[in-house]
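Visitor: I am attaching a structure below and will ask some questions about it afterwards.
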Amino acid sequence: MDILVIGSGGREHALVRKLKESPKTDTIYCCPGNGGIAADAECVNIRAVDIPLVVGFAAQHNVGLVVVAPDDPLAMGMVDALEKEGIPAFGPTAAAAAIESSKVFSKNLMKKYGIPTADYQVFDDPAKALAYIEEKNTFPTVIKADGLALGKGVIIAPDLEAAREGIRTIMEDKVFGKSGEKVVVEEFLTGPEVSVLAFADGEHVVPMVSSMDHKRVNDNDQGPNTGGMGTIAPNPHYTPEVAQRCMEEIFLPTMAAMKAEGRPFKGCLYFGLMITPAGPKVIEYNSRFGDPEAQVVLPLLDTDLVDVMMACREGTLDKLEIRWKKGAAACVVMASGGYPGKYTTGLPIHGLDSHGQREGVTVYHAGTRMGDEGLVTSGGRVLGVTALGDTLEEALDKAYAGVAGITFEGAHYRKDIGRR
């Protein structure tokens, strides 16, 4: 079948390359794609949030499956629009995607159904939010914008002054627009973080290999939060015992809760977890593959991804055996200098071949485009340099060896991925 992948980042490149492995795949299109994805798929200049154009293109080209990867089009109802026209789509409906697009919805869902998470309060008035923080006087405290914010809507305030600044930034300066009309103020949890992506078909849930994201921009978890500076899989903190507790206390109850709410979840459900002294708790849900978690989890998948996605859509996950490769994967993100603040684009990238790859690693393109002289930077996160190994150490060595051979002006990457 012909397949259409929606999006333009490293996650989408990882999906494209995994889907290409399937004998069931013919042409792969990507809307809009990027300079590196163009070597693996036919890029089409349609924005990821342009639902009418995407639906029209899919219908015109008789696409057999549309994979809606980013959060925005999911929240806007792209899957609903595609399925209404009889076009098979992988991803949740807009109603189910609310588990990510509204922090208030997800926190209230967890409270209602007894799913372990941090204590919290919801506010739509900045003065009341600040009064609550002052009254609690417990730091650090976590402030989250209610809606989607490109993975940057979370502020961990170490003191009252930082909390004041956070409330002002989100609710008064509206740096995230309408997403900041409400905030969730919640307790700061401690313990190792674990990301678990899971395939879901509305009824059944199959966790993927666990992973560890590195959100802070600088080594030793310093500096502002980013969309993710690197990942490893599997996560060494995610033991079989922890996995069992997560299945019983979090994964299955979440699926049941969404079904009970009339929002059965189909697609990829992302569980952002903290392994606290009191047990695993949910930090956040995402309604799609994480980025850059997808870049380490998908290469370890040993079952045909087309089969898995169709099973998610058709409600037959329990009939499919999903297998994983042994070993480990590591991804190091190369970002533009200044990211996640201001940065320059259009800088030539050196060290890649004509397909945007480098021997010994897989280079997933997140922010690149084709310039007059070849590939140039076009975003904050530019490349995800990924490698597999029998051990995590081997995967990290290969990934960093790949990074060492790639250059662009101002390139920034963390030197401590996987070292926690």
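Visitor: Given (1) open to solvent by less than 10 Å² (accessible area, probe 1.4 Å); (2) within 21 Å of the chain's Cα centre (by Cα); (3) hydrophobic (A, V, I, L, M, F, W, C), where does residue 243 come up short, assuming only one miss?
Guide: Tallying (1) open to solvent by less than 10 Å² (accessible area, probe 1.4 Å); (2) within 21 Å of the chain's Cα centre (by Cα); (3) hydrophobic (A, V, I, L, M, F, W, C), residue 243 fails exactly one: (1).
Visitor: While we're looking at this one, here's another question. I need the full set of residues from region 103-126 which are touching a strand residue (DSSP E or B) at 6+ places or on another chain (Cβ under 7 Å) and not in a helix (DSSP H, G or I), in order please.
Guide: Matches in region 103-126: 115, 116, 117, 118, 119, 120, 121, 122, 123.
Visitor: Considering only region 344-389, give the strands (runs of 3 or more DSSP E) lying wholly within it that have at least 2 residues that are touching a Lys or Arg at 6+ places or on another chain (Cβ under 9 Å) and crowded, with 24+ Cβ neighbours inside 10 Å.
Guide: So the answer is 374-377, 381-389.
Visitor: Could you list, in sequence order, the residues of region 118-145 that are open to solvent by 10 Å² or more (accessible area, probe 1.4 Å), among the small types (Gly, Ala, Ser) and closer than 14 Å to residue 157 by Cβ?
Guide: none
Visitor: Search region 115-132 for residues that are among the hydroxyl-bearing types (Ser, Thr, Tyr) and pair each with any residue that is part of a helix (DSSP H, G or I) when their beta-carbon atoms are under 6 Å apart and the residues are at least 6 apart or on different chains.
Guide: If the second residue must be part of a helix (DSSP H, G or I), the pairs left are 117/110; 120/107.
Visitor: I've got another one for you. Tell me, please, whether a residue that is open to solvent by less than 30 Å² (accessible area, probe 1.4 Å), without any contact (Cβ under 8 Å) to a residue 60 or more places away in the chain and in contact with a strand residue (DSSP E or B) (Cβ under 9 Å, 6 or more places away or on another chain) can be found in region 62-70.
Guide: No - not one qualifying residue is present in region 62-70.
Visitor: Separate question: Just checking: which of the strands (runs of 3 or more DSSP E) contained wholly in region 131-188 hold 3 or more residues that are of a type outside the set (Phe, Trp, Tyr) and in contact with a helix residue (DSSP H, G or I) (Cβ under 7 Å, 6 or more places away or on another chain)?
Guide: Once the strands (runs of 3 or more DSSP E) in region 131-188 are filtered for at least 3 residues that are of a type outside the set (Phe, Trp, Tyr) and in contact with a helix residue (DSSP H, G or I) (Cβ under 7 Å, 6 or more places away or on another chain), what remains is 141-145, 183-187.
Visitor: Looking only at region 146-168, count every residue that is buried (at least 19 other Cβ atoms within 10 Å of the Cβ) and of a type in the set (D, E, K, R) and tell me the total.
Guide: Within region 146-168, residues that are buried (at least 19 other Cβ atoms within 10 Å of the Cβ) and of a type in the set (D, E, K, R) number 1.
Visitor: Let me ask something else. Need the failing condition index for residue 52 against (1) surrounded by fewer than 24 Cβ atoms within 10 Å (Cβ to Cβ); (2) under 22 Å from residue 26 (Cα atoms), just the number.
Guide: Going through the list (1) surrounded by fewer than 24 Cβ atoms within 10 Å (Cβ to Cβ); (2) under 22 Å from residue 26 (Cα atoms), residue 52 breaks only (2).
Visitor: Here's something else I'd like to know. For region 33-42, state whether one or more residues are surrounded by 15 or more Cβ atoms within 10 Å (Cβ to Cβ), touching a Pro at 6+ places or on another chain (Cβ under 8 Å) and in contact (Cβ under 8 Å) with a residue 40 or more places away in the chain.
Guide: Taking every residue of region 33-42 in turn, none turns out to be surrounded by 15 or more Cβ atoms within 10 Å (Cβ to Cβ), touching a Pro at 6+ places or on another chain (Cβ under 8 Å) and in contact (Cβ under 8 Å) with a residue 40 or more places away in the chain.
Visitor: Now for a separate question. Those residues that are touching a Leu at 6+ places or on another chain (Cβ under 8 Å) and either of a type outside the set (Asp, Glu) or over 25 Å from residue 304 (Cβ atoms) (or both), I need them from region 18-43; list them, please.
Guide: Result: 18, 19, 22, 25, 28, 29, 30, 31, 35, 36.
Visitor: With respect to residue 223, is the statement that it is open to solvent by less than 70 Å² (accessible area, probe 1.4 Å), within 29 Å of residue 95 (Cα to Cα) and not basic (Lys, Arg) true?
Guide: No, not satisfied.
The values are calculated or read from the model by the stated rules, or taken from the named source; none is laboratory data. None of these values were measured; they are calculated from a predicted model. Because the Cβ atoms are built from the backbone with ideal geometry, glycine has one as well, and the counts that use them run over all protein chains shown. Note: areas computed on protein heavy atoms with side chains; ligands, DNA, RNA excluded. Shrake-Rupley method; radii C 1.70, N 1.55, O 1.52, S 1.80 Å.
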